Amino acid sequence: MKLIFVITIFLSIQIILFGQNTKREYSTTRTSVIPKIDGILDDICWQKAFSAENLQQLRPIEGANATMSTVVKVLYDNNAIYVYAMMYDPSPDSIKNELGARDNMSVNADAFYIGFIPYNRLDAYVFGLTASGIQCDVRDSDPTYDAVWESAVKINDKGWAAEMKIPYSAIRFPSEEKQSWGFQFTRDIKRNGEYDQWALTPPTLSNSRLNWGTINNLENIKAPLRLSLTPFISGYYENVPQFYGNDVKYNNTYSYNFGADLKYGIDEKFTLDLTLMPDFNQVQSDNKVKNLGYNEITYNENRPFFKEGTELFTKNALFYSRRIGQTPSGYYAAQYNLQENEMLKANPSKTRLLNAVKISGRNNNGVGIGFFNAITDNTFAIAEDSTGNIRKILTEPLTNYNILVFDQQLKNNSSFYLINTNVIRAKDYPAANVTGSGFTFNNKKNTYAIDGSVALSQIFSKQDSTPDMFNDKMGYRYFIGARKSSGNILFGISHTMINKSYDSRDMGYFVIGNRAIERFYFNYNIYKPNNLFQNSYNSISMDYGTNPVTGKMITSQVNVNLYFTLLDFSNFNIGANCAPFSVYDYYEPRVAGRYSKTFRYYYAYADFNTDTRKALALEFHLEGGDFLENFRGVGFGNQTGIRYRFNNRLQAKYIFNYNNDSYNIGFADIYNDQIIYGGRKLITFINSLSCQYLFTKDMNISVTARHYWNTGEYKKYYSLLENGGISETSDYSGNNNFNFNLFNIDLIYSWQFAPGSTMSVVYKNAIESETGEIIHNYSSNFKNTFDSPQTNSLSLKILYYLDYQYLNKLKKEA
């Protein structure tokens, strides 16, 4: 009896393990009848297709059977893949179907996703639809990926149905006669927080794609000629303030532009993207802030060409795309280069991009290759004297930006890459070259990993007295770390070293040099619901850093964060960080060789967000902290947000942010060879309002308004001592108070009148003002801001997508 019991247990374990290691399979079928993409699912071809069903829950109860049935069928022909999906629902009138813009899957709508991995589990293509018809697509290698494909949805008396036609031009795949791809589809049911999968991928996995199923029987399909052209034409009006001493006059400018984006499939693996004379006047305005520190503030990339298909180029933090088309290096110095009786008539704040090209792809051996090149034009400020004579002042020369990257995928989801960035400027301006490499090695079970990277930077600057001779400033940076990468418990340890002369700013991100950082983190995550919450993500990390030259401590920080999704789908987050030791800061003094001692501090925060599925959603954030020194620097702040969905077409969101740093100490000035620090009270108000109305899934209008107000009132001034301390001084009489305002309005109308083709009208208002006189009354400050000089612009852009396969089909039919 005991033996039978042991054998039974052993066999049960083997069955479970076998089930866990066996991937699901689906056999597709070639069709000679093309289904009509209308969401009705009555085409005769679907009757011959095999069904895939029996989904399991990933959330809320991992591994449980789905509460509602889903049936999916896939067909193919020489041109495309066709998808049938029927999402059964006993209460069709309860299906969430809020409208939204393309790729906005955060709306309150049920959704269906289907994914394919043509190349050996290396790069997944995922296509999604909501019950309101919103399209979404993404690639593992490119989260901003956008393809042109057809779809339709219908809510019926049994639930909701979806049909898709995904042309082969949207997917890269091998040239083999018979193919099997990685395959997955999922369903998101909003009203009960359920997320179902065909092939279950537990969240403890480090790479969920390894658990996808397989789609078989793809035979004799060939990659088509992937060629598309997207020409555009745009008109632009701008009303810009011009400063003549204390007087302000407005200058009206009119311009038009035309250009094109070209996409060409060199073969089934590699694609060329080209943009010629692009127009970025309609991109979203940046959420700018006042910067008092030495760290650079970075902003999101909003320009489509630089957002899409650039994932391969972001290795080692060596590519910050906002460098291309950035503010000219001589922009702020232009006013100081004026001659007697001259004034600035024009001073462009951005360099003009002439063209840019990308080539990217991955071969059958898993080698990803990326090439990127962009050229920006000479930028000139225009000076005019009292007699009307015009003089150009060069603020940025003609510049070439270049990236080359190789990324080798290895077994066990491991990888190795090599990347080089290069910037060449005309007229003896500095040039730069950075080369980097890195790796990730995973064990066979993908439970542990080792990561490493290294980068070498070179800056070439002209020697003043010697022709054709340049100084070569070299620097290096490296990182090595080990981590546990799957399971409920995750942890890791790493070492980072950056020498004093490392500089990747010409094309990459600003990195603070001359530091060695040790880091340890520990995470404990709960993925399955219990009696208190749906899931929980908890972490603690510790950082310790030293200056490798002096050996002094430069970083000492402990961070704790606890996050919970509650049973009602609201979420709660608390955290704290602390600097337990005073450390040395070699950058705040702004003078090489000097340093200041920082103050120990603590900081804590808490967040609460209500269920976003509800019509009314609220968010709250509280924070506060203080010095652990003699200085009393109590700081506190809060953010309150409210979003209301009036119906499935209209929603609005308002966010209010207030921050009060009662005593912040930092660099203020250099006076009589003294480094002056200031003790200042910093107060920040941010008000932002956004509203969107969707006429249809292809047409919408949105408005975003943001007012940022930051004041700094200096209470005391200090001299920086040689030992890094500060001493109050009465010798300094400067006034560094500031009252800084930013105001932006973006009003956007967008209409996708054909697949991949859009017309958009954008109105923008921008105000930026700063004075040394602080205004303490909000309404008075707001009025003064609107009385400040402001820029207004209106633009119209029409973009039309032309696909070779579609045009060739029309030609044959004619």
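Which ones in segment 566-584 are within 30 Å of the chain's Cα centre (by Cα) and in a strand (DSSP E or B)?
Going residue by residue through segment 566-584, those that are within 30 Å of the chain's Cα centre (by Cα) are 566-579.
Leu566, Asn571, Phe572, Asn573, Ile574, Gly575, Ala576, Asn577, Cys578, Ala579 - these are the residues of segment 566-584 that are within 30 Å of the chain's Cα centre (by Cα) and in a strand (DSSP E or B).
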Problem - Exclusive hit being touching a residue at least 40 places away in the same chain (Cβ under 8 Å), among the polar types (S, T, N, Q) and touching an Asp or Glu at 6+ places or on another chain (Cβ under 6 Å), set Thr711, Thr704, Thr696 - result: Thr704
Handout entry: Selected residue (criterion: nearest to Leu338 (Cα to Cα)) from residues of segment 371-415 that are polar (S, T, N, Q) and touching a Gly at 6+ places or on another chain (Cβ under 6 Å)
Key = Thr395
Fill in the blank from the handout: Residues of segment 558-568 being modelled with pLDDT under 95 and open to solvent by 60 Å² or more (accessible area, probe 1.4 Å), in sequence order, are Leu567, Asp568
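Out of the strands (runs of 3 or more DSSP E) lying entirely within segment 17-114, which hold 2 or more residues that are within 28 Å of Gln534 (Cα to Cα)? Outline the logic, then answer.
Working: elements: 25-27, 56-59, 70-76, 80-88.
In segment 17-114, the matching strands (runs of 3 or more DSSP E) lie at 56-59, 70-76, 80-88.
May I ask you to verify whether Asp196 is closer than 30 Å to Asn442 by Cα and under 29 Å from the mean Cα position of the chain (by Cα)?
Values: closer than 30 Å to Asn442 by Cα: yes; under 29 Å from the mean Cα position of the chain (by Cα): yes.
Judged against the criteria, Asp196 is a match.
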Practice task
Mind listing just one residue for me: the one in segment 71-89 that is open to solvent by 10 Å² or more (accessible area, probe 1.4 Å) and without any contact (Cβ under 8 Å) to a residue 60 or more places away in the chain and, of those, nearest to Asn648 (Cα to Cα)?
Solution key: Val71
Practice task
Filter segment 394-436 down to the residues that are farther than 14 Å from Arg323 by Cβ and charged (D, E, K, R), then identify the one that is most open to solvent (accessible area, probe 1.4 Å).
Solution key: Lys411
Handout entry: Arg477 vs. criteria open to solvent by less than 70 Å² (accessible area, probe 1.4 Å), under 25 Å from Val560 (Cβ atoms) and of a type in the set (Lys, Arg)
Key = no
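Only one of these is part of a strand (DSSP E or B) and either open to solvent by less than 50 Å² (accessible area, probe 1.4 Å) or in contact with a Pro (Cβ under 9 Å, 6 or more places away or on another chain) (or both): Phe656, Phe636, Phe695, Phe667. Name it. Explain how you work it out, then say what you get.
Details: Phe656 fails: either open to solvent by less than 50 Å² (accessible area, probe 1.4 Å) or in contact with a Pro (Cβ under 9 Å, 6 or more places away or on another chain) (or both); Phe636 fails: either open to solvent by less than 50 Å² (accessible area, probe 1.4 Å) or in contact with a Pro (Cβ under 9 Å, 6 or more places away or on another chain) (or both); Phe695 fails: either open to solvent by less than 50 Å² (accessible area, probe 1.4 Å) or in contact with a Pro (Cβ under 9 Å, 6 or more places away or on another chain) (or both).
None of the other options fit; the residue is Phe667.
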Handout entry: Enumeration of residues in segment 679-701 that are small (Gly, Ala, Ser) and modelled with pLDDT under 95
Key = Gly679
Handout entry: Pro589 vs. criteria on the phi < 0 side of the Ramachandran plot, in contact (Cβ under 8 Å) with a residue 40 or more places away in the chain and open to solvent by 50 Å² or more (accessible area, probe 1.4 Å)
Key = no
Practice task
Identify the single condition in (1) under 19 Å from Trp709 (Cα atoms); (2) touching a residue at least 24 places away in the same chain (Cβ under 8 Å) that Gly625 does not satisfy, given that it satisfies every other one.
Solution key: (1)
Exercise for the section: Give the residue, chosen from Ser727, Ser779, that is surrounded by fewer than 16 Cβ atoms within 10 Å (Cβ to Cβ), assigned to a strand (DSSP E or B) and without any contact (Cβ under 8 Å) to a residue 12 or more places away in the chain. Expected result: Ser727
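Do any strands (runs of 3 or more DSSP E) lying entirely in segment 169-249 carry at least 1 residues that are modelled with pLDDT under 90 and either in contact with a strand residue (DSSP E or B) (Cβ under 9 Å, 6 or more places away or on another chain) or not acidic (Asp, Glu) (or both), and which ones are they? Spell out the reasoning first.
Values: elements: 178-189, 194-197, 213-219, 227-244.
Output list reads 227-244.
The values are calculated or read from the model by the stated rules, or taken from the named source; none is laboratory data. These numbers were taken from a predicted model, which means no experiment stands behind them. Note that each Cβ is placed from the backbone with ideal geometry, even for glycine, and that neighbours are counted across all protein chains shown. Side chains are part of the model used for accessible areas, which takes the heavy atoms of the whole protein and leaves out ligands, DNA and RNA. Shrake-Rupley method; radii C 1.70, N 1.55, O 1.52, S 1.80 Å.
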